[in-house]
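I have placed the structure first, in the form of structure tokens, so that the comments after it can refer back to it.
The values are calculated or read from the model by the stated rules, or taken from the named source; none is laboratory data. These numbers come from a predicted model, not from an experiment. Here Cβ is always computed from backbone atoms with ideal geometry, including for glycine, and neighbour counts include all displayed protein chains.
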């Protein structure tokens, strides 16, 4: 669906006249699940890009209230909930704007410090009360569930990719990843810990955004950034701060393997930068256990 600044301005004017007239402009780096626009200097508007992402709107509003003030870094603050209108068929939200650059765009980052900060943030969220957390499932695209939820996709991807990948090693890693399970009570997971959902200020992690895929369950899915962004000693820094046992890290490696294979095989959202080849190389080479 095409979501334009003009559409956002119409929605805001019709439903929140107190903010009518504020300039609307798209943020430079857009996500896949949602579109984000600046509203004046202090606000942002967030709109699901398709029906599949609508369940995350109400869930995220509830979750952000539950987590407010409990994280070591900033998280979004929702100020208003919008309804369908002006030809846009989904609920949407207005939030306070969080300063900083996404990790994807930031050029000057203390990567080891960021690895430690992110690991600490994930350690913190795992320890928070889970009363407001929905159990992992379809709403989280099965993040927080057992990685075997995607075993069929791994098999299909390996068949499609053929000699492009080391299928034997991939199957060994996948088998190891799927032969353990989270042994404790479900805990909070973010569900999409990616460089586009992390904000950086003064070279350090300043905020974690986009909780639309979060829930309670197995936190292994939140560790995938170890392979998709961090390198060498940064991974060890991240692991030390995040904690968790070898089996959880092996499941995390499985999550990273599935995503790389699914993207390469055309079973997942496209990767314009073609980073999946590098990610697969990192996953095959470094188990971090």
Among (1) closer than 30 Å to residue 187 by Cα; (2) over 17 Å from the mean Cα position of the chain (by Cα); (3) not in a helix (DSSP H, G or I) - the single one residue 3 does not satisfy: (1)
Complete set of residues in the range 240-270 that are within 16 Å of the chain's Cα centre (by Cα) and in a loop (DSSP other than H, G, I, E, B): 268, 269, 270
Matching helices (runs of 4 or more DSSP H) fully within the range 86-196 where at least 1 residues are touching a strand residue (DSSP E or B) at 6+ places or on another chain (Cβ under 9 Å) and surrounded by fewer than 19 Cβ atoms within 10 Å (Cβ to Cβ): 111-126
Residues that are outside any loop (DSSP other than H, G, I, E, B) and under 18 Å from the mean Cα position of the chain (by Cα), drawn from the range 65-77: 67, 74
The range 26-46, subset touching a helix residue (DSSP H, G or I) at 6+ places or on another chain (Cβ under 8 Å) and modelled with pLDDT of 95 or more, residue nearest to residue 98 (Cα to Cα): 43
Residue 16 vs. criteria under 22 Å from the mean Cα position of the chain (by Cα) and either at pLDDT 90 or above or surrounded by 14 or more Cβ atoms within 10 Å (Cβ to Cβ) (or both): no
Subset of the range 232-241 (residues that are surrounded by fewer than 24 Cβ atoms within 10 Å (Cβ to Cβ) and either under 22 Å from residue 98 (Cβ atoms) or touching a residue at least 60 places away in the same chain (Cβ under 8 Å) (or both)): 233, 234, 235, 237, 239, 240, 241
Residue list for the range 45-58, filter: buried (at least 20 other Cβ atoms within 10 Å of the Cβ) and either at positive phi or more than 14 Å from the chain's Cα centre (by Cα) (or both): 45, 46, 47, 48, 57
Members of the range 57-86 found to be in contact (Cβ under 8 Å) with a residue 60 or more places away in the chain, over 21 Å from residue 124 (Cβ atoms) and out of contact with any helix residue (DSSP H, G or I) (no Cβ under 7 Å at 6 or more places or on another chain), listed by number: 57, 80
Residue list for the range 269-285, filter: in contact (Cβ under 8 Å) with a residue 60 or more places away in the chain and over 13 Å from residue 174 (Cα atoms): 269
